[in-house]
Amino acid sequence: MDKVQLYKYLERSGFSIPTTYFVSNKSDLKEIVNKVTYPCVVKPPRPTKTWFNYFESKALKIRSPEELHAICDNGLKASDVFIIQEWVDGKDSNIYQYYYYFDKSHKPVINHTSRKLRQWPIELGEATLVESCLNEPVPRESIDIYSGIRYKGIISLEIKIDEKSGKHFIIEPDVGRPNTSIGQVEASGVPILYTMYCDALDIPLPPYTAPKHTGVKWISFGRDLLASRGYYIRGELTFREWLNSIRGVNTFAVLSIRDPIPSILDIFKLFKIILSSAEYTLRNVLKNMQVL
């Protein structure tokens, strides 16, 4: 679960990852700052409360050596070491998520693939809208990073296809925990939770571990509205494209008729974010008017 060691293992084992550096002091940064290709991504081995005390998001897109120097002090205060990775060019929809469950015999008894359609924050966030896909973008053996280390348990893996070269890169390996859109796996007819339960109790695993349903779409509705607004402002999403994208959504991160309270609270949270954004915009407008 140590991502620093995991990225080093991936690089050493020949898996395709973005060029990666590790900074644990200012001397490390001084040595690599001119080697880094910009833009690049800065992130901690694990996003903690301390990290979010210094930064608003779990990962930062850095566009110049000056920006990298500017965040270094806070980066080292927020984490003992932070990771710098080369930026993989391409849209958020170039990102694919792989889910696995390895049983006690270290065999991958479940695997499932989905594609991100949107995420929040844009470019560096978590999925808000995903769809299942049967056609995997890369051969599974080329990203099989766990079979060789006798892993057991649940993991998820994100890869991104470079827009220009068409090559794939492993950008986010999550060990011991799934991504937030894990509910889509269940909605596809793959009983991942029950499989884990059976494996823990040494009872026969379910005989069906392949997806039963195709074209399953999962959405985190409140967060997806924020993401959609962001894509619209950037000129990357029209209202018609948004309507087409949510057509066929059949599973939700929060919304449930049987248990509506979480979704109601989610809506209130969304309104709070919108009001805070509107207040911030209004303050800037009034400030500019005073200057004029």
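Each reported figure results from applying straightforward, stated rules to the coordinates on display, with no laboratory input. These numbers come from a predicted model, not from an experiment. Heads up, the Cβs are rebuilt from the backbone with ideal geometry, glycines too, and the neighbour counts pull from every protein chain shown.
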Counting DSSP beta bridges in the chain, what percent are antiparallel, to the nearest 5?
-> 95 percent
Partner aspartates and glutamates whose C-alpha sits under 13 Å from that of LYS35, ignoring same-chain residues fewer than 8 away, are GLU86
Cross-link partners among lysines for LYS104, C-alpha distance below 28 Å, same-chain residues fewer than 8 apart left out?
-> LYS3, LYS8, LYS152, LYS212
Go through PRO207, THR113, PHE252 and say which Cα lies farthest out towards the positive end of the charge dipole of the chain; charges sit on Cβ, +1 for Lys and Arg, -1 for Asp and Glu.
-> PHE252
If every Lys and Arg gets +1 and every Asp and Glu gets -1 at its Cβ, then about the Cα centre region 19-86 yields a dipole, in debye to the nearest 20, of 180 debye
Loop-resident chymotrypsin sites (Phe, Trp or Tyr not before Pro) in region 143-222 with no more than 14 other Cβ atoms inside 10 Å, DSSP not H/G/I/E/B, are TYR208
Using distinct alpha-carbon pairs, which all enter the 1/r mean, Kirkwood radius of the chain in Å = 21.0 Å
LYS77 versus LEU243: modelled label distance in nm, points set 7 Å from Cα along the beta carbon direction = 4.9 nm
Exactly which trypsin sites (Lys or Arg not before Pro) in region 46-95 are in a DSSP loop and have at most 16 other Cβ atoms within 10 Å?
-> LYS58, ARG63, LYS91
Ratio for region 97-226, C-alpha Rg to 2.2 N^0.38 Å, reads 1.06
Estimate the FRET efficiency between GLU67 and TYR208 by the formula 1/(1 + (r/R0)^6), using the beta-carbon distance for r and 45 Å for R0, to the nearest 0.05.
-> 0.35
Distance between region 218-278 and region 12-41 - C-alpha centres, whole angstrom = 35 Å
Which value results when the Cα radius of gyration for region 19-86 is divided by 2.2 N^0.38 Å?
-> 0.97
